[in-house]
Amino acid sequence: MDFIQDNLLNLTIFFPTLAALIIFLLPEDEKNLIRRLTFVLSLVPIVFVLIMWFNYNRSTADVQFEVFAEWFPAIGANYHIGIDGISLPLFLLTVILTPLAILASFSIEEKVRMYMVLFLIMETAMLGLFASLDLMIFFVFWEFGLVPMYFLIKLWGGKDRDYASFKFFIYTMAGSLGLLLSIQVIGLSMGTFDIPTLMDIWVNTTSGTLAGTGLDVGVVKSIAYWAFFIAFAIKVPIWPFHTWLPDAHTQAPTAGSMILAGVLLKLGAYGFVRLVIPLFPQQANQTAVILAWLGAASIVLGGFAAFGQWDFKRLVAYSSINHMGFVVLGIAVMAFAYGRTFTDAGVSTDAIMATSGAVFQMVNHGLSAAGMFFLVGVIYDRAHTRDLKEFGGIWTIMPVFGTILIFTSMASLGLPGLNGFVSEFMIVRGTWGINYFTVQLAISMLGLLMTGAYILKGIGETLHGPVKEKWASLPDMTLREHLVIWPLMALMLSLGIWPQWILVFINDTITKLF
C-alpha cells in the first residue's frame with residue numbers, strides 16, 4: 001500500500017503503457033477481446049486520479065505526489081514529476097476522455113490492435129507532460145505525444161489523411177525545434193533543467209553574460225521566450241498558426257478528433273501557464289498586448305470561419321479555434337499581471353479570475369468539443385456524409401440524437417447553466433476588470449456573436465427542415481454511443497451548476513502562483 005501511495009503518479013502515467021504492452025501481445029484477430037480489454041484497462045487510471053483528487057491538500061495548493069530520481073546528471077536533467085491544482089483537473093480530463101474515446105472506437109475494424117496500442121501510449125504522453133517538473137522530461141513527453149496522433153490520422157483518417165497527418169507533424173515539429181534549442185540553452189547555462197529551481201535562478205538572472213554561451217542574458221531570454229511562444233502557439237493553436245488544425249480534425253477518426261480537441265490542444269495553453277509566463281515574466285508582460293490581440297483574432301476569425309463551413313466536422317474544428325481564443329485572452333491577462341505589484345487589490349483579483357477561467361476553459365472546452373466531435377461521428381457513421389446541405393429533419397428520425405446534439409451544442413455555445421458559460425464569463429469579467437485590454441475584449445464579443453451563429457447553423461441544417469426520404473430509415477443512437485456521451489453531458493451540467501468542485505483546485509494554485 002505504501003508503494004502505491006509513494007508511486008501513485010508514476011502508476012497513473014505509465015499504467016496505460018503497461019496496458020498497451022498487454023494489448024500488443026494479444027492475437028490480431030481477437031478484435032472483440034482487444035476492444036473490451038483496452039476499454040477495461042483504460043478505466044484503471046481514473047481510479048488512481050480519484051485517489052490523488054481526494055488526497056490532494058488544498059491548504060498548501062503546491063506541487064504534490066512528487067517523484068524525483070536522478071536521470072542524466074551530466075547535464076543536470078532529472079526525472080522530476082508532480083501535480084498541483086492546475087495539472088490535476090487536466091489529469092482528470094485526460095483519464096475520462098481516453099476510455100470514452102476508446103469506447104467510441106469500437107467500430108474500427110482495421111488494425112484494431114495497433115489502433116488501441118497507439119491510444120494508450122498517447123495517454124501516457126499526455127499525462128506525463130501535465131506532470132513534468134523538468135524541462136527535458138517535459139520535452140520528451142511533448143514529442144512522445146506527437147507520434148501516436150500522426151499515425152492515428154495517417155492510418156485511420158479520411159481520404160486526405162496523408163496531407164493532414166504530414167501537415168500536423170511538420171507544424172508541431174517546426175515549433176519543437178526552437179523549443180528544444182531554448183531548453184538546452186536554459187538548462188546548460190543554469191546547470192539544471194528543474195522547473196521549480198529555474199523559477200528562482202533563471203528568472204532572477206537579469207543581466208550580464210549567460211554562462212557557456214557568451215551571449216547577453218537579455219538577448220538569450222528574448223530569443224528563448226519567442227521560441228517557447230511559437231511552439232505553444234502552434235499547439236493551441238493561436239491564429240495565424242492554426243491552419244493545420246481543421247485539416248487534422250477533418251481527416252482524423254472520430255476518437256482521434258475527440259482526444260485532439262479534448263486534450264492535445266490543451267498542451268499548448270498549459271505550456272503558456274506552466275512555463276512561458278513564470279519563466280519569462282518580463283518578456284510576457286511586455287508582449288501581453290500582442291497575445292491579447294492574437295486571442296481576439298482567434299475568437300473572431302475562428303467564429304467567422306466556423307460559420308462559413310458546410311462540412312459539419314470542419315465547422316466544429318474551427319469552433320475549437322474560437323473557444324481556445326478565450327483561453328489565450330485569459331493567458332494574456334496572466335502575462336500582463338504576473339509578477340507585478342499592485343496597489344489596487346482588485347486588479348490582482350481580476351487577473352486571478354481571468355487566469356483561473358482560462359485553465360477552467362481548457363477543461364470545459366475539452367468536454368464539449370469531444371462531445372461535439374463524437375456526435376458528428378455518430379451521424380457520419382449512418383449517413384456517410386458530413387455535408388450540412390445534405391441533412392435536414394434528422395430530429396424527426398433520430399429524436400434522442402437530436403436532443404443530445406442540442407444539449408451538447410448549448411454547452412459549446414456557453415448557455416448559462418452549462419459548463420462553457422462559467423469559464424468564458426470568468427475570462428471576460430477578469431479581463432474587463434484589468435482595464436488594459438478593453439478594445440480587444442470588445443472586438444472579441446463579435447466572435448461570441450458568431451459562436452451563436454455557427455452553432456445555430458449546425459443545429460438548423462442538421463435537425464430542422466423537411467425530412468429527406470433517403471434518411472427516413474436512419475437508426476437512433478445505440479447503447480454504446482449513449483455510454484460515450486452521457487458521462488460528458490453529466491460533467492457539462494455539473495460544472496455549469498456547481499463549478500466549484502473543480503474551480504477550487506485551480507483557483508488555490510493560481511492564487512499561490514500570483
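For this structure, a couple of remarks:
- Residue match in the range 481-503 (condition: touching a residue at least 60 places away in the same chain (Cβ under 8 Å), of a type in the set (D, E, K, R), more than 15 Å from Thr408 (Cβ to Cβ) and part of a helix (DSSP H, G or I)): no
- So Pro16, is it in contact with an Asp or Glu (Cβ under 7 Å, 6 or more places away or on another chain) and part of a helix (DSSP H, G or I): yes
Residues checked against (1) farther than 20 Å from Thr124 by Cβ; (2) without any contact (Cβ under 8 Å) to a residue 12 or more places away in the chain:
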residue: Arg36; (1), (2): yes, yes
residue: Val49; (1), (2): no, no
residue: Trp53; (1), (2): no, no
residue: Gln64; (1), (2): yes, no
residue: Ser87; (1), (2): no, no
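- Where Gly208 falls short, out of the listed (1) of a type outside the set (Phe, Trp, Tyr); (2) modelled with pLDDT under 85; (3) closer than 22 Å to Val333 by Cα; (4) surrounded by fewer than 24 Cβ atoms within 10 Å (Cβ to Cβ): (3)
- Residue in the range 222-241 that is modelled with the lowest pLDDT, counting only those that are among the aliphatic types (A, V, I, L, M) and under 14 Å from Ala297 (Cα atoms): Val236
- Residues that are touching an Asp or Glu at 6+ places or on another chain (Cβ under 6 Å) and either of a type outside the set (Gly, Ala, Ser) or surrounded by 23 or more Cβ atoms within 10 Å (Cβ to Cβ) (or both), drawn from the range 63-83: Val63, Asn78, His80
- Filtering Leu491, Leu503, Leu513, Leu479 for residues that are touching a Ser or Thr at 6+ places or on another chain (Cβ under 9 Å), modelled with pLDDT of 90 or more and either loosely packed, with under 14 Cβ neighbours inside 10 Å or within 30 Å of Val333 (Cβ to Cβ) (or both) leaves a single hit, Leu503.
- Residues in the range 151-170 that are surrounded by fewer than 20 Cβ atoms within 10 Å (Cβ to Cβ) and out of contact with any Leu (no Cβ under 8 Å at 6 or more places or on another chain): Lys154, Leu155, Gly158, Lys159, Asp160, Asp162, Tyr163, Phe166, Lys167, Ile170.
- Selected residue (criterion: farthest from Val328 (Cα to Cα)) from residues of the range 383-439 that are buried (at least 18 other Cβ atoms within 10 Å of the Cβ) and of a type in the set (D, E, K, R): Arg386
- Flag if Val220 is part of a loop (DSSP other than H, G, I, E, B) and within 23 Å of Gly76 (Cβ to Cβ): no
- Hey, Ile96 among the β-branched types (Val, Ile, Thr), crowded, with 18+ Cβ neighbours inside 10 Å and touching a residue at least 24 places away in the same chain (Cβ under 8 Å) or not: yes
- So Glu28, is it touching a Lys or Arg at 6+ places or on another chain (Cβ under 9 Å) and over 23 Å from Leu367 (Cβ atoms): yes
- Any hit, the range 39-61, residues being at positive phi and either crowded, with 21+ Cβ neighbours inside 10 Å or within 25 Å of the chain's Cα centre (by Cα) (or both): yes
- Selection over the range 170-191 of residues that are in contact with a Gly (Cβ under 8 Å, 6 or more places away or on another chain) and hydroxyl-bearing (Ser, Thr, Tyr) gives a count of 1.
- Checking each residue of the range 6-27 against the condition of being among the hydrophobic types (A, V, I, L, M, F, W, C), buried (at least 22 other Cβ atoms within 10 Å of the Cβ) and either without any contact (Cβ under 8 Å) to a residue 40 or more places away in the chain or in contact with a strand residue (DSSP E or B) (Cβ under 8 Å, 6 or more places away or on another chain) (or both) gives at least one match.
- Which listed residue, of Ile186, Ile108, is closer than 20 Å to Gly268 by Cα and touching a residue at least 40 places away in the same chain (Cβ under 8 Å): Ile186
- Pairs with Cβ under 7 Å, 6+ apart, first in the range 259-275 and closer than 19 Å to Gly371 by Cα, second among the acidic types (Asp, Glu): none
- Among the residues making up the range 450-476, those that are within 25 Å of Gly325 (Cα to Cα) and buried (at least 17 other Cβ atoms within 10 Å of the Cβ) are Met450, Thr451, Tyr454, Ile455, Lys457, Gly458, Ile459.
The values are calculated or read from the model by the stated rules, or taken from the named source; none is laboratory data. Everything numeric here is computed off the predicted structure, so don't read it as measured data. Cβ coordinates were reconstructed from backbone atoms using ideal geometry, including for glycine residues, and neighbour counts include every protein chain displayed.
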